[in-house]
Structure formats: C-alpha cells, structure tokens
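The values are calculated or read from the model by the stated rules, or taken from the named source; none is laboratory data. The model shown is predicted, which means the values in this text are computed figures rather than measured ones. Here Cβ is always computed from backbone atoms with ideal geometry, including for glycine, and neighbour counts include all displayed protein chains. Surface accessibility is based on the protein's heavy atoms, side chains included, excluding ligands, DNA and RNA. Shrake-Rupley method; radii C 1.70, N 1.55, O 1.52, S 1.80 Å.
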Amino acid sequence: MSDVEAESLYVVATPIGNLADMSVRAIEVLKDVDVIAAEDTRHSGHLLQHYSIMTPTVSLHEHNEKQRSELLLSRLQRGESVALISDAGTPLISDPGYRLVSLVREHGINVVPVPGCCALVAALSASGLASDRFSFEGFLPSKQAARKQALENLKNETRTMIFYESPRRLNNSLSDMGIVFGRERRACLAREMTKLHETIITRPLVELQSWVESDSNQQRGECVVLVEGNRIEKDATEEEVDRVLAILLNDLPVKRAAAITASLLTVSKNKAYEQALKLQHN
Ligand code: SAM
C-alpha cells in the first residue's frame, strides 16, 4: 500500500524506454489513486498492464487539457485522488500538465511529485559536459530561420544547454549549431537512452554532425542534444592578482613575477606589471 491521500494530485514520472526504470512508489501510487490522467491512454495502457495496474484512466493531452483540468479539479474537490502521467518521463517537462497543476494549486489542493526518469537529466548525467549549471531549452523551432534565431539568442549562454530534438531535424540542427556556436564547441548526442540502441557520444559539433550525416541510423529514435556553454574567460580580480603577486615578489623581480602571474591568471602582463609595481611601493 502507498501513502496515497484523498484530495491530492500525484505527478508521477514513468520510464523513458526501459520499463524496469519504474519506481516502486510510482507503481503503488498508480494502483491506489482513484483515477489516472494519461497523455495517451492507449500508449500508457502497455505500462499499466505490465505492472498489473487496474486503475481507470482518462486522457489529458494538449488539445483537451483546459476542460479536463476543470473536470479533474472537481473530482479532487469531491475528495478523490488523481495521478498524472505522460507518455514518457516526467509530466510537464515538454509534456502536458502545467495547466492542471497550476489550477489545482490555485485551489489549495495538495500536489505531490513522484519523481523518476527525465530524459534531460539522464542525458546530462552521462554527457561529460558541465552539470553544475544548465539551461533546458526544450524543442527548437522547426523552421530554419526561427531555429537559427533561437540559437543566436543563446550564443553567449555560459551554462550547458539541453535541447530535445526530433530525429528528422537532428542533422540540420547540429549543422546550425555548428554555424552559430562554432564548429569546435563540444556537444553530446544522447539517443535512445535506456533502450537497445542507446548511444551517448560527446564530440566537437563538427564531428558530431558529420557522424550523424554519414550514418542514417543516428537519425532514428528519440534524442537529446547538449551543447557546452560559451567559455567566456572571466578576468581575474585585482585582489586575486595581488595575492599571487605578493607571494612571487618575495623571491622574484617585478618583471618575472608579473609574467608568471599573467600565465597563471586571466590578466594581461602589463596589468600584472602595473600592480606589481604598486605592491612594491606600498
Ligand atoms: N517528459 C519527458 C521527459 O521527462 O524527459 C520528455 C517528453 S518530450 C515530448 C519527448 C522528448 O524527450 C523526445 O523527443 C526526446 O527529445 C526526449 N526523450 C524521451 N525519451 C528519450 C530517450 N529514451 N532517449 C533520448 N531522448 C529521449
């Protein structure tokens, strides 16, 4: 038995390919709620059957989300419990559910996340790209002019950027990314994660694009593209430069100390020299 409570909406993550990635808690919650709102009831039927989940389902997709949310709200207000699932991964992440969750919260009803798979997090965790800060960009526009503009707007983004991409547009998108971000910018293609043909590869954009172009198998299935952020080097602060100079000036002449400081920190030799002179006269 799960901890399912009346008058609560459970936002339940489901697998992104491998059914074994379903959490024990997710199974229990889906068994115990009064109704499951699924993006596509037929698609989710396979998963529910696999785990012998007999709970009734209703559909909630982008074309009926407004009306369905009202209906589910009234069921919740009558004391029922509801679970929301999407076709794969975490609902609301490039999937329907935002309207339902915000409506339900506006009415003071409990919303409980049941976390699990999410393609963007899985891809980031295995990409080898910086994971301390990132920006999820969802799907790029399908028309080339709009896509290029969207990429131009991200040119100076310093965080790792994560895109969901359709396999049909993958080659063109990688090529546009190479033009806008530079051919040598590192990127990762995470394709068919948790499935038979899982491929996760990190290369400079130019190499990634020509590999995808030359192998049509790479233009199939589901994919996430991650691009390294722009590495704009931040100038060292005066305090940082002074700290290094103070140590070096104990043993070295001004010119030599300034040159070493400039090679260790992002500061010009002239600037380091000026600061070294000031330090000596203080
Ligand atoms: N809600 C989902 C999540 O939590 O990741 C994403 C739904 S979005 C409509 C579907 C997109 O997620 C796909 O087009 C693809 O970009 C990405 N995706 C989903 N499953 C994937 C997988 N197994 N491998 C790679 N990308 C996947």
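With contacts defined as alpha carbon pairs under 8 Å and 6 or more residues apart, what's the relative contact order of segment 177-282 in percent?
20
Evaluate the Kirkwood expression for the hydrodynamic radius of the chain, namely the inverse of the mean inverse distance over all pairs of different C-alpha atoms, and round to one decimal in Å. Provide the component values of the computation, followed by the final result.
Numbers: mean 1/r = 0.0449 Å⁻¹.
Taking every pair of different Cα atoms in the chain, averaging 1/r and inverting gives 22.3 Å.
Quantify, in whole percent, the carbon and sulfur part of the accessible surface of segment 190-254 (1.4 Å probe; protein heavy atoms only). Provide the component values of the computation, followed by the final result.
Working: 1810 of 3940 Å².
Carbon and sulfur together cover 46 percent of it.
Sort all Cα-Cα distances of segment 238-281 into consecutive 5 angstrom bins from zero, then give the percent of pairs in each bin up to the one containing the longest distance.
Calculated over all Cα pairs of segment 238-281, the distribution is 5, 30, 44, 18, 2 percent.
Could you pull out the pairs from K234/K255; K143/K234; K66/K143 whose alpha carbons sit more than 26 Å apart here?
Over 26 Å apart, Cα to Cα: K143/K234; K66/K143.
In whole percent, and with a 1.4 Å probe on the protein chains, what portion of the accessible area of segment 8-117 is carbon and sulfur?
Carbon and sulfur: 49 percent of the exposed surface of segment 8-117.
Name the residues of segment 100-138 whose amide N is less than 15 Å from a point 7 angstrom out from the Cα of S210 along the C-beta direction?
Within reach of a label on S210: no residues.
Tell me, what is the Rg over Rh of segment 9-101, with Rh the Kirkwood radius over Cα pairs?
A ratio of 0.93.
At 222 nm, what value in deg cm²/dmol follows for the chain if DSSP H runs of at least 4 each add -39500 (n - 2.57) and the sum is divided by all its residues, to the nearest 500?
Details: 11 runs with 116 residues, N = 282.
The helix contribution divided over the chain gives -12500 deg cm²/dmol.
Starting from the Cα coordinates of segment 120-227, work out the convex hull volume and express it per residue in Å³.
84
At 1.4 Å probe size, with every protein chain present, just tell me what the per residue accessible area of segment 238-281 comes to in Å².
68
Using a Cα-Cα cut-off of under 26 Å, which lysines could be cross-linked to K195, ignoring same-chain neighbours fewer than 8 residues away?
K31
In square angstrom, what is the accessible area per residue of segment 120-227 with a 1.4 angstrom probe?
The answer is 50 Å² per residue.
Pull up the DSSP beta bridges for segment 8-117 and report the antiparallel fraction as a percent, rounded to 5. Provide the component values of the computation, followed by the final result.
On the way: 1 of 16 bridges.
In segment 8-117, approximately 5 percent of DSSP beta bridges are antiparallel ones.
Using alpha-carbon pairs under 8 Å, 6+ residues apart, how would you state the relative contact order of the chain in percent?
16
Could you give the dipole magnitude of the chain about its Cα centre, charging the beta-carbon of Lys and Arg +1 and that of Asp and Glu -1, in debye to the nearest 20?
Result for the chain is approximately 880 debye, rounded to the nearest 20.
Name the helices (complete DSSP H segments) of the chain with a Cα length along the long axis of 30 Å or more and a Kyte-Doolittle mean of at least -0.5, or state none.
Details: long enough: none.
Passing helices, by number: none.
Below 8 Å between Cα atoms, with a sequence gap of 6+, how large is the relative contact order for segment 1-57 in percent?
That works out to 34 percent.
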